[in-house]
1. Within segment 167-174, is there a residue that is within 27 Å of Ala32 (Cβ to Cβ) and touching an Asp or Glu at 6+ places or on another chain (Cβ under 8 Å)?
2. Looking only at segment 411-431, decide whether some residue is under 16 Å from Leu117 (Cβ atoms) and surrounded by fewer than 15 Cβ atoms within 10 Å (Cβ to Cβ).
3. Out of all the residues in segment 239-253, which are buried (at least 17 other Cβ atoms within 10 Å of the Cβ) and either of a type in the set (A, V, I, L, M) or in contact (Cβ under 8 Å) with a residue 40 or more places away in the chain (or both)?
4. How about segment 105-134: which of its residues are of a type in the set (D, E, K, R) and without any contact (Cβ under 8 Å) to a residue 40 or more places away in the chain?
5. Considering only segment 75-133, state which residues are of a type in the set (D, E, K, R) and part of a strand (DSSP E or B).
6. Which one of these does Ala61 not meet: (1) assigned to a loop (DSSP other than H, G, I, E, B); (2) at pLDDT 95 or above; (3) in contact with a helix residue (DSSP H, G or I) (Cβ under 6 Å, 6 or more places away or on another chain)?
7. Condition first: part of a loop (DSSP other than H, G, I, E, B), at negative phi and in contact (Cβ under 8 Å) with a residue 12 or more places away in the chain. Now tell me which residues in segment 140-170 satisfy that.
8. Would you check if there is a residue in segment 348-357 being charged (D, E, K, R), in a helix (DSSP H, G or I), at pLDDT 95 or above and buried (at least 19 other Cβ atoms within 10 Å of the Cβ)?
Amino acid sequence: MLRLDSTQSDFTERLTALLAFETAQDPAVDQAVADICAGVKTRGDAAVLEYTARFDRLPAASMADLTLGRDALQAAFERLPADLSSALLQAEARVRRYHEKQLMTSWSYEEDDGTLLGQQVTAIDRVGIYVPGGKAAYPSSVLMNAVPARVAGVGEIIMVVPTPGGERNDLVLAAAYISGVDKVFTIGGAQAVAALAYGTDSVPQVDKITGPGNAWVAAAKRRVFGVVGIDMVAGPSEILVVCDGSTDPDWIAMDLFSQAEHDEIAQAILLCPSSEYLDRVAASIERLLPTMPRRDIISASLGGRGALIAVRDLDEACAIANTIAPEHLELSVADPEAWLPRLRHAGAIFMGRYTSESLGDYCAGPNHVLPTSRTARFASPLGVYDFQKRTSLIRVSRAGAQQLGRIASVLAHGEGLTAHARSAELRLDAPD
């Protein structure tokens with residue numbers, strides 16, 4: 001695992017190289033995705049069936065074979081062992097309770113002349129959520145996408161999830177059941193995104209698509225943006241740990257593993273003022289790694305994009321953290337709240353030694369769909385507000401039209417837009 005020291009003369013250059021991730025779409029993938037999206041747009045269900053048979057090794061006679069309604073989702077929930085169903089219900093309740101705090105409401109105010117101004121908040125009519133399948137099953141992703149949509153009041157939630165070889169995961173389907181998903185299609189990849197965006201005879205067109213996926217899914221979401229809304233184009237998972245050197249090094253090693261096990265190109269970084277502590281964490285990594293079922297993925301991630309970085313002090317650690325702008329930031333220090341004012345850019349901040357990032361992934365409450373690849377500098381976690389939209393309200397009184405009309409007339413003439421000006425002027429001194 002790479003070792004860096006902030007006192008090195010070339011530290012900034014080496015950190016920049018470490019953080020570099022090519023977000024530009026592979027031209028070959030982009031072209032293939034363009035062809036798939038065009039096929040689904042023109043041939044609908046037939047194209048979805050063809051691509052699902054080819055990419056997921058899942059031949060189907062019709063889309064009905066790839067469609068699951070509420071009854072099938074309930075059956076999956078009822079098949080779960082008691083401990084799994086209980087954990088799923090508890091996680092859903094915590095996620096729902098947190099997101100209920102985010103609900104925006106409509107508001108308005110009336111000026112002295114009777115002019116009313118305000119904002120009307122409404123839910124999106126229909127959303128599609130993409131849940132990854134393949135390397136791992138992610139019931140938590142179902143909760144994090146579907147629950148805020150349901151809390152927001154979305155009229156219909158459609159879920160797509162790839163089932164390579166036809167293998168369905170009951171935990172994923174059960175999560176869809178308890179979080180209020182209306183219908184599931186067992187399709188994935190670019191063809192699923194295109195089906196949601198354009199609609200087919202079987203898959204209803206949605207207004208927004210949320211949820212993470214691989215490079216093909218990301219390319220498809222880029223391509224259909226504008227036809228539908230999207231949440232974000234997610235990059236590889238990231239964790240940054242800022243530690244004062246007093247946390248059990250085994251805990252920190254496992255926290256780094258928790259994101260590294262997602263993908264070979266995930267990123268795990270530790271910042272600490274103590275080089276001796278970094279040595280202890282490195283020893284923990286070496287000892288614990290052979291015990292991990294996904295050790296090959298973890299090893300590739302830590303070796304390719306991970307780092308243990310010695311810093312001068314926690315002040316500098318916070319400054320570097322703001323540069324990294326990580327998806328997940330663990331603040332494993334004695335007094336985490338004291339350092340919050342120094343931290344401006346992170347998808348989520350996990351405060352204190354007992355707050356492992358994995359708790360946020362599953363059941364703490366806040367959403368685990370977070371900005372990656374330094375986009376936390378300007379982006380936010382997925383939330384209820386992503387499933388609501390705002391409409392401005394304007395009701396101008398006769399008295400208000402006299403004042404506003406004169407202002408608008410001057411500005412419109414200044415822009416050379418005579419019809420705009422005349423539209424306002426016609427209402428000046430108009431009879432009741």
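1. no
2. Here is the first cut: in segment 411-431, the ones under 16 Å from Leu117 (Cβ atoms) are none.
For segment 411-431, residues under 16 Å from Leu117 (Cβ atoms) and surrounded by fewer than 15 Cβ atoms within 10 Å (Cβ to Cβ): absent.
3. Ile239, Leu240, Val241, Val242, Cys243, Asp244, Thr247, Trp251, Ile252, Ala253
4. Those that are of a type in the set (D, E, K, R) and without any contact (Cβ under 8 Å) to a residue 40 or more places away in the chain: Glu110, Asp112.
5. Let us first name the residues in segment 75-133 that are of a type in the set (D, E, K, R), namely 78-79, 83, 92, 94, 96-97, 100-101, 110-113, 125-126.
Answer for segment 75-133, where residues must be of a type in the set (D, E, K, R) and part of a strand (DSSP E or B): Glu110, Arg126.
6. Result: Ala61 passes all but (3).
7. The answer is Val154, Gly155, Val161, Pro162, Thr163, Arg168, Asn169.
8. Yes, the conditions are met somewhere in segment 348-357.
The values are calculated or read from the model by the stated rules, or taken from the named source; none is laboratory data. These numbers were taken from a predicted model, which means no experiment stands behind them. Don't worry about glycine lacking a Cβ; one is built from the backbone with ideal geometry, like all the others, and counts go over all protein chains shown.
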